[in-house]
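J.: Here you go, one structure.
Each value in this text was obtained by applying a stated rule to the coordinates, not by laboratory testing. A quick note: this is a predicted structure, and the numbers were derived from the prediction, not measured. For neighbour counting, all protein chains shown are included, and Cβ atoms are generated from backbone atoms with ideal geometry for every residue, glycine included.
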Amino acid sequence: MRRLSAPWKSLLIAGLTMTVQNGVLLTFPVVYVALLEEFRWGRGEAAGIYSVATLMIGLGGPLTGFLLDRFGPRRLFVGGALVTAGGMAATTMARSLSHFYLSYGILTGIGNSALTSTPNMVVVSKWFPRRTGRAIAIADIGTGLGVILIVPATQWLILHLGWRRALFTLAAFLVLVLIPANWAQRVPEEGQPAKPNSPGEGPPLGSTGRDWTLRSAVAGPQFWWLVLARLSSGMAFQMINVHLVAYVIGAGYGKMTAASTMGAVSMVSMLGRYLVGLASDRLGRAMAVTLAYASTTLGILALMMLTTTGPLALSAFVLCYGLSQGSSGIVVAARAADLFQGGSFGRIYGWMSVTNGIGEGLGAWLGGAVYDRTGGYQAAFGSAILALAIGAASIWLTYAKATPIEAPERT
């Protein structure tokens, strides 16, 4: 049997890591419903738990990037798995809102910052410096697969065992899978080329061939347009994702149907992520994200008509929203690699991702706060569409300069 090449081995490990991490993280919408039923908190208060977690994920980005560049992926991902599982285990003993904010929000958030797509996409981009968008998209298919498998299973565990035992089971699962897998994860040594059987064939896309530093990256406008893209897309998608299960249940559907809707979205997203990555390499990053966000907008509009249109609207939402789920991370990571690839790319992309966590936290909280104030989600979903428009425009603006900005020579 032919031995798997190092780039493909690294890509598969990254895909598995994102499968488990994203699947476990996105069980919060079903846990959220259980918490509302048990503690009778306001939706804004309960959603704030997830908001704190995503904020910590974002704020942990710079440290994650530094640790990845300094110590490599194995130590980073193994440590992140242990901290995440510890936070989830501590959450099973929480009895007050403040305890949830501390254990799930802060501790689990810090651990997840080391396991998210941000460091995994950095690792993949180092192995596949040419067709970066396609390689990232292949690995990112795992995030959709995780939701398909883990979210409905978690809903079943909650119904039969309760949310505390369900969370503990997830924590054990995360440790047992991610620590052995990432023990073999690594990045190529400096000067080591991508293997010829990788999707990295073809000419580099937009690379200056210079070694960027964090200081030189933040000096140019492209960095800040990508920061804005991460902020706005994070807010838009989490405003939908966190409240989707509660919204579908409120429209008269059962809990397993609502949880399965997330799984169906993620099933469609597995194809969508690959298509976005392919379009990103062939049509350009900006056109790919524009088409993806147009599909997202159609999906949100269908969701807003769920109570009047019924199952047809739910099916349209699953198709349109699913095709674009995860598109922002793929396109922004690929565009950042186009512009800033080099020895400090982990740190650069880590700092860039801070605002993604802020946006996700804001979107999760805002969705609940709007519901508490208005009794519905319509205004929140409309805000998500506006945020998508801002995100798409930001990607286009990274191409505003006629000539690329080159990083200064190191001295």
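J.: Sorted from fewest to most neighbouring beta carbons within 10 Å, what does the list TYR32, TYR50 look like? All intermediate terms of the calculation are to be shown ahead of the outcome.
T.: Details: TYR32 23, TYR50 29.
Exposure proxy ranking, most exposed first: TYR32, TYR50.
J.: Also, quick follow-up: For segment 243-256, what does the Karplus curve 6.51 cos²θ - 1.76 cosθ + 1.60, with θ = phi - 60°, yield as ³J(HN,Hα) per residue in whole Hz, taken in order and with x for Gly and Pro?
T.: Result, ordered by residue: 9, 4, 4, 4, 5, 5, 4, x, 7, x, 9, x, 5, 5 Hz.
J.: Arranged by the count of other C-beta atoms within 10 angstrom, fewest first, what order do THR261, THR118 take?
T.: Details: THR261 24, THR118 28.
Fewest to most other Cβ atoms nearby, the residues stand as THR261, THR118.
J.: Using a cut-off of under 12 Å, list every residue of segment 226-263 whose amide N is near the label point 7 Å from the Cα of MET305 along the Cα-to-beta-carbon line.
T.: none
J.: Please label the shape of segment 40-198 as rounded, prolate or oblate, based on the square roots a ≥ b ≥ c of the eigenvalues of the alpha-carbon gyration tensor (a/c under 1.5 means rounded; beyond that, a/b larger than b/c means prolate, else oblate). Numbers along the way, then the final one.
T.: Working: a/c = 2.21, a/b = 1.85, b/c = 1.19.
Verdict is prolate for segment 40-198.
J.: While we're here: Can you give me the C-alpha center-to-center distance between segment 3-81 and segment 278-296, rounded to a whole angstrom?
T.: 25 Å
J.: Sticking with this one: Which of the three applies to segment 1-81, rounded, prolate or oblate, going by the alpha-carbon gyration tensor with a ≥ b ≥ c and a/c under 1.5 meaning rounded?
T.: On the way: a/c = 4.41, a/b = 1.92, b/c = 2.30.
Taking the square roots of the gyration eigenvalues as a ≥ b ≥ c, segment 1-81 is oblate.
J.: Right, here's the next one. Note the listed values [x] 94, 52, 42; [y] 59, 43, 41; [z] 71, 47, 37, then indicate which one is Cα extents along the principal axes in Å calculated from this particular structure.
T.: So the structure-derived entry is [y].
J.: For segment 51-110, which trypsin sites (Lys or Arg not before Pro) are both in a DSSP coil and crowded by at most 15 other Cβ atoms within 10 Å?
T.: Values: sites: ARG70, ARG74, ARG75, ARG95; in loops: ARG95.
Of the trypsin sites (Lys or Arg not before Pro), the ones in loops of segment 51-110 whose Cβ has at most 15 other Cβ atoms within 10 Å are ARG95.
J.: Further, regarding this structure: Using alpha-carbon pairs under 8 Å, 6+ residues apart, how would you state the relative contact order of segment 17-169 in percent? Provide the component values of the computation, followed by the final result.
T.: Working: 193 pairs, mean separation 61.7, N = 153.
Across segment 17-169, relative contact order equals 40 percent.
J.: Please rank GLU45, GLU38, GLU189, GLU360, fewest neighbouring Cβ atoms within 10 Å first, as an exposure proxy. Could you put the intermediate results ahead of the total?
T.: On the way: GLU45 18, GLU38 11, GLU189 6, GLU360 28.
The most exposed by this proxy come first: GLU189, GLU38, GLU45, GLU360.
J.: Here's another thing I want to ask about it. For the pair PHE39 and LYS9, what calculated FRET efficiency results from E = 1/(1 + (r/R0)^6), where r is the Cβ-Cβ distance and R0 = 41 Å, to the nearest 0.05? Kindly include the intermediate steps, with their values, before the conclusion.
T.: Working: r = 44 Å, r/R0 = 1.08.
FRET efficiency, LYS9 to PHE39: 0.40.
J.: Which whole-number percent gives the relative contact order of the chain, counting Cα pairs below 8 Å spaced six or more residues apart?
T.: Numbers: 791 pairs, mean separation 119.7, N = 411.
Across the chain, relative contact order equals 29 percent.
J.: From the square roots a ≥ b ≥ c of the eigenvalues of the alpha-carbon gyration tensor of segment 300-378, which class results: rounded (a/c under 1.5), prolate (a/b over b/c), or oblate?
T.: Numbers: a/c = 5.92, a/b = 1.84, b/c = 3.22.
Taking the square roots of the gyration eigenvalues as a ≥ b ≥ c, segment 300-378 is oblate.
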